Amino acid sequence: MRNSRLISVLAFLMLLVIACAPSQTAQQTTDKTIGRSEDSGKVAAVSIKGFKFVPAEVNIKIGETVVWTNEDTAPHTVESSDGTLRSDELAKGDTYSQIFTKSGKYEYICGIHPSMKGSVTVQ
Ligand SMILES: [Cu+2]
């Protein structure tokens, strides 16, 4: 008897947690607008395919990470002129990641194919 009551209380608590989850997301969105944004751990993915960075422009918040994955058979690199980004030569399937701790616009190219361009805007 006591056990089944405990279980129903637990089930109710779990439901509460599930019900609250969407509003937490909404809260974060609100924080972003206010400019309170130090929640790190988020990752934005950029594919390198067809000799292009996809997407070529990425917008992230301070503390977030960008991961580049080369999906081409040709090797590519990720390099910004200010030196923030400097990957090794990426073979097919290789990844390069960088966490951004300062706001700004980081423009980068592929060092092997300089016509390949992309940018990361950190706010
Ligand atoms: Cu390239």
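The values are calculated or read from the model by the stated rules, or taken from the named source; none is laboratory data. Remember, predicted model here, so these are calculated numbers, not experimental data. Backbone-built Cβ (ideal geometry, glycine too); neighbour counts: all protein chains shown. Each accessible area value is taken on the protein alone, full model and side chains, heavy atoms only, with ligands, DNA and RNA left out. Shrake-Rupley method; radii C 1.70, N 1.55, O 1.52, S 1.80 Å.
The figures follow:
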| read-out | value |
| --- | --- |
| All lysines inside 18 Å of Lys61 as judged from Cα atoms, apart from same-chain residues fewer than 8 positions distant | Lys32, Lys42, Lys102, Lys105 |
| Area accessible to solvent at Asp72, 1.4 Å probe radius, in Å² | 20 |
| Qualifying chymotrypsin sites (Phe, Trp or Tyr not before Pro) for segment 37-89 [loop in DSSP, other Cβ within 10 Å: at most 13] | Phe51 |
| Efficiency of FRET from Cβ geometry, Ser97 and Glu57, R₀ 25 Å, rounded to 0.05 | 0.90 |
